[in-house]
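Here the structure comes first, spelled out in structure tokens, and everything after it is commentary.
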Amino acid sequence: PKTTLICTKDNLARIIKRNKGWFGKIYNFTPMTYCLPNETKQFVDVFTRQTMNDKNRNWICKPTDLSRGRKISIINNLHDLQYD
């Protein structure tokens, strides 16, 4: 039941984060994921901390709502981040 929840990237990310909190290291196979705009503050904090250490750090931004790969972008500067 309710397996359609894992069919979108944002719901899957939320479920994995919740399970990572419950079960720990078994869920360490996933990269850091942030659902914007809800987690913008956490994303900006981690982004600025990591870019201070490594200037060539890239982030993949994927839109939600069944966009099927359209508007995927790779950013290495916060000014390049666009979401609506």
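Read-outs throughout are calculated quantities, based only on the coordinates presented, and are distinct from any laboratory measurement. If you're wondering where the values come from, they're calculated on a predicted model, not measured in any experiment. Note that we place each Cβ from the backbone using ideal geometry, even for glycine, and neighbour counts take in every protein chain shown.
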Report summary line: For the chain, the longest principal axis of the Cα atoms and the Cα long axis of helix 40-53 enclose an angle in degrees, to the nearest 10, of 50 degrees
Query raised in the report: For percent of Cα pairs over 22 Å apart, the listed values are (1) 20; (2) 24; (3) 32; which was obtained by calculation from the structure presented?
Result: (3)
Query - Neighbour-limited loop hits for chymotrypsin sites (Phe, Trp or Tyr not before Pro), region 5-79 (at most 15 other Cβ within 10 Å; DSSP other than H, G, I, E, B) - result: Phe29
Query - Under 18 Å between alpha carbons - lysine pairs in the chain that sit 8 or more apart or on different chains - result: 10
Requested in this report: Restrict the search to region 30-84; then list the trypsin sites (Lys or Arg not before Pro) that DSSP places in a loop and that have at most 16 other Cβ atoms within 10 Å of their Cβ.
Outcome: Lys55, Arg57, Arg68, Arg70, Lys71
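Let me spell out the model: positive unit charges on the Cβ of Lys and Arg, negative unit charges on the Cβ of Asp and Glu, origin at the Cα centre of the chain. What dipole size does that give, in debye rounded to 20? Intermediate values should be presented prior to the final figure.
Working: 15 positive and 7 negative charges, 64 e Å.
Rounded to the nearest 20 debye, it is 300 debye.
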Query - Computed helical MRE - 222 nm, the chain, DSSP H runs ≥ 4 contributing -39500 (n - 2.57), nearest 500 - result: -11000 deg cm²/dmol
Report summary line: Relative to the chain, whose Cα atoms define the longest principal axis, helix 9-23 and its Cα axis are tilted in degrees, nearest 10, by 80 degrees
